[in-house]
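Student: My structure is below; once you've seen it, I'll send some questions.
The values are calculated or read from the model by the stated rules, or taken from the named source; none is laboratory data. Note that this is a predicted model, so its numbers are computed, not measured. Using ideal geometry, Cβ is built from the backbone for each residue, glycine included, and neighbour counts are taken over all protein chains shown. Accessible surface is based on the protein model in full, side chains and every heavy atom, while ligands, DNA and RNA are left aside. Shrake-Rupley method; radii C 1.70, N 1.55, O 1.52, S 1.80 Å.
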Amino acid sequence: MSAHAENLIHDDAPGHEGHGALSENNFLGLPNIKLAMWAFLGSECMFFGSLIGTYFFYHGNSLGGPLPKDVFSIGITSISTFLLLMSSVTMALGVDAMKQQKPLTARTFILLTAALGATFVGFQVFEFHEFYTEKHLALSTSLFGSTFYTMTGFHGTHVTVGVIWLVIMSILITKKKLVPGKEAVNVEVMGLYWHFVDIVWIVIFTFVYLLEFLK
Amino acid sequence: MSHGHEVGTLPHSHKKQYIILGIVLSIVTFIELGIPLMKGSPEIWTAAKELWAPLLIVLSIFKFGAVVGDFMHLRSDFTLYKILFISPLFLAMFSFFAIGSLSVVHFQPFGKGYAITAQDLSDGYVPPTVGGGAEPPWADDKFEAAFVDAQKGGFAKGKETFTTSCANCHRADGGGMPGLGVNLTDVCYKHGGKIAALYTTISKGVSGTAMPAWQTSMDSEKLRQVAYYVHSLKGLNVAGGRDCEGPKE
């Protein structure tokens with residue numbers, strides 16, 4: 001470990017204590033924080049599974065319009081889908097750079113990921129605004145309105161949380177509170193969360209948007 | 001699996017793989033987007049009509065697998081992670097399909113509008129009032145046929161029925177005629193103004209008066225449509241209508 005090891009153990013900063021403890025390995029030799037993230041993502045599968053399932057359960061059963069076809073715009077959704085997909089690439093590159101002991105490169109990719117994520121959220125805000133004001137679709141308009149906004153809204157919230165997390169991590173890297181080596185796992189775990197948010201969108205995009213356009 | 005913590009033995013970089021995978025995923029996304037656009041060329045579209053949806057699903061499973069397997073490294077990571085993630089994923093898919101099959105039994109999902117039945121009406125179900133006033137902002141020709149029938153066209157048909165079967169007693173605008181049908185555009189109803197009550201009055205008629213029982217000559221759908229229409233007349237108070245009869249609602 002040599003000189004670098006000194007850098008690793010600097011958990012004296014206030015509010016930073018739990019950090020080192022979380023990155024500790026458990027009795028299996030696996031980092032606790034990573035194990036916890038996979039368990040959390042497992043539960044998230046159930047969470048989004050039920051939201052998407054509910055959307056389909058009520059699909060086509062709205063008593064009033066507008067209907068999905070009336071509000072969806074394939075152009076805007078494709079752009080934001082593409083951005084989110086690309087953010088997964090930058091995220092993976094960021095995690096990779098951190099493992100390669102290149103924190104500044106990692107930070108660049110993390111910030112790029114955050115920017116792509118924020119743009120995605122921006123598109124969603126724009127979309128929701130348009131649906132609400134121009135297409136007259138509110139949360140309480142119909143089963144479609146309720147299930148659609150709940151599902152995509154929760155996804156957007158997850159993206160927003162991810163963006164905040166990414167920004168915080170890049171600040172920590174800048175302040176050298178997060179250094180490569182043992183703590184690279186913290187970035188890796190954030191990456192897991194980010195990729196998960198991306199795969200949820202992969203499912204929503206195909207099942208909610210694209211299949212709608214086939215009919 | 002190698003989290004090389006030692007300086008000097010850095011883990012192998014996956015940079016190239018990530019970039020290649022990113023390009024592959026972009027191409028897949030473009031293919032996905034192209035599929036709905038195929039509708040533009042009807043020959044290709046209809047040639048493989050049944051294939052498009054499964055193809056989209058397969059492509060999305062591929063993307064899902066690529067991100068989880070390679071970006072998230074699950075493919076080469078510890079089994080415990082796999083168990084933690086994949087078992088709830090299957091549970092989620094299972095409940096998804098369970099709910100899906102339930103919905104087939106209870107509703108008619110994927111396309112058909114929810115047809116309001118006589119049972120719903122007698123249970124006191126009150127559908128949203130459409131018609132009578134201004135057209136709702138979303139009422140344009142983009143609507144699916146089933147929906148149009150249930151809501152907008154349903155009213156048009158109800159109105160049609162009203163004009164042919166009811167107008168000679170209740171007047172074309174529903175204002176009623178002296179000695180014949182009562183005013184249906186006020187807020188007074190002898191037999192109830194809720195949709196369920198209207199449906200019942202129209203189907204069973206009012207014995208001892210001129211109001212016939214329409215269930216002998218109309219099916220439940222027609223009755224439903226005309227009941228909606230009558231319901232939408234409530235409160236219009238057309239000029240020259242008959243005076244209020246029965247309790248106000």
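Student: Among the residues of the stretch B:26-40, write down those that are touching a helix residue (DSSP H, G or I) at 6+ places or on another chain (Cβ under 8 Å) and open to solvent by 70 Å² or more (accessible area, probe 1.4 Å).
Tutor: Correct list: B:31, B:39.
Student: Please name all residue pairs, on different chains or six or more residues apart, with Cβ atoms under 7 Å, provided the first residue is in the stretch B:75-92 and is aromatic (Phe, Trp, Tyr) and the second residue is surrounded by 14 or more Cβ atoms within 10 Å (Cβ to Cβ).
Tutor: Between residues of the stretch B:75-92 that are aromatic (Phe, Trp, Tyr) and residues that are surrounded by 14 or more Cβ atoms within 10 Å (Cβ to Cβ), the close pairs are B:78/A:30; B:81/A:38; B:81/B:74; B:85/A:38; B:85/A:41; B:85/A:42; B:85/B:74.
Student: Please determine, by comparing only the residues of the stretch B:204-220 that are assigned to a helix (DSSP H, G or I) and in contact (Cβ under 8 Å) with a residue 40 or more places away in the chain, which one is surrounded by the fewest Cβ atoms within 10 Å (Cβ to Cβ). Even if it seems obvious, please write down each step before you answer.
Tutor: Within the stretch B:204-220, the first condition is being assigned to a helix (DSSP H, G or I), and the residues that meet it are B:204, B:214-216, B:220.
If we keep only those that are in contact (Cβ under 8 Å) with a residue 40 or more places away in the chain too, we end up with B:214, B:220.
Numbers: B:214: 19, B:220: 17.
Restricting to residues being assigned to a helix (DSSP H, G or I) and in contact (Cβ under 8 Å) with a residue 40 or more places away in the chain, the top hit is B:220.
This table checks each residue for (1) touching an Asp or Glu at 6+ places or on another chain (Cβ under 9 Å); (2) open to solvent by less than 60 Å² (accessible area, probe 1.4 Å); (3) β-branched (Val, Ile, Thr); (4) under 20 Å from residue A:32 (Cα atoms).
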residue: A:150; (1), (2), (3), (4): no, yes, yes, no
residue: A:156; (1), (2), (3), (4): no, yes, no, no
residue: A:164; (1), (2), (3), (4): no, no, yes, no
residue: A:168; (1), (2), (3), (4): no, no, yes, no
residue: A:171; (1), (2), (3), (4): no, no, yes, no
residue: A:180; (1), (2), (3), (4): no, yes, no, yes
residue: A:185; (1), (2), (3), (4): no, yes, yes, yes
residue: A:189; (1), (2), (3), (4): no, yes, yes, yes
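Student: Scan the stretch A:27-55 and report the pairs whose first residue is at pLDDT below 95 and whose second residue is of a type in the set (D, E, K, R) and open to solvent by less than 60 Å² (accessible area, probe 1.4 Å), with Cβ atoms within less than 8 Å and a gap of 6+ or a chain change.
Tutor: So the pair list comes out as A:34/A:188.
Student: Moving on to the next point. Is it the case that some residue within the stretch B:83-97 is in contact with a Leu (Cβ under 8 Å, 6 or more places away or on another chain), at the interface with chain A (Cβ under 7 Å from one of its Cβ atoms), buried (at least 16 other Cβ atoms within 10 Å of the Cβ) and modelled with pLDDT of 90 or more?
Tutor: Scanning the stretch B:83-97 turns up at least one residue that is in contact with a Leu (Cβ under 8 Å, 6 or more places away or on another chain), at the interface with chain A (Cβ under 7 Å from one of its Cβ atoms), buried (at least 16 other Cβ atoms within 10 Å of the Cβ) and modelled with pLDDT of 90 or more.
Student: For the stretch A:129-169, which positions are in contact (Cβ under 8 Å) with a residue 24 or more places away in the chain, part of a helix (DSSP H, G or I) and either at positive phi or among the hydrophobic types (A, V, I, L, M, F, W, C) (or both)?
Tutor: Matches in the stretch A:129-169: A:131, A:143, A:144, A:148, A:151, A:154, A:159, A:163, A:165, A:166, A:167, A:169.
Student: Then there is this: For the stretch A:94-102, indicate whether the set of residues that are within 30 Å of residue B:13 (Cα to Cα), in a helix (DSSP H, G or I) and within 16 Å of the chain's Cα centre (by Cα) is non-empty.
Tutor: Within the stretch A:94-102 (the criterion being within 30 Å of residue B:13 (Cα to Cα), in a helix (DSSP H, G or I) and within 16 Å of the chain's Cα centre (by Cα)), the answer is yes, since at least one residue qualifies.
Student: Give me the residue from the stretch B:41-58 that is open to solvent by 30 Å² or more (accessible area, probe 1.4 Å) and under 30 Å from residue A:190 (Cα atoms) and, out of that set, nearest to the other protein chains (Cβ to nearest Cβ).
Tutor: The residue in question is B:57.
Student: Would you call residue A:67 facing another protein chain (nearest Cβ under 7 Å), aliphatic (A, V, I, L, M) and touching an Asp or Glu at 6+ places or on another chain (Cβ under 7 Å)?
Tutor: When the stated conditions are applied, residue A:67 passes them.
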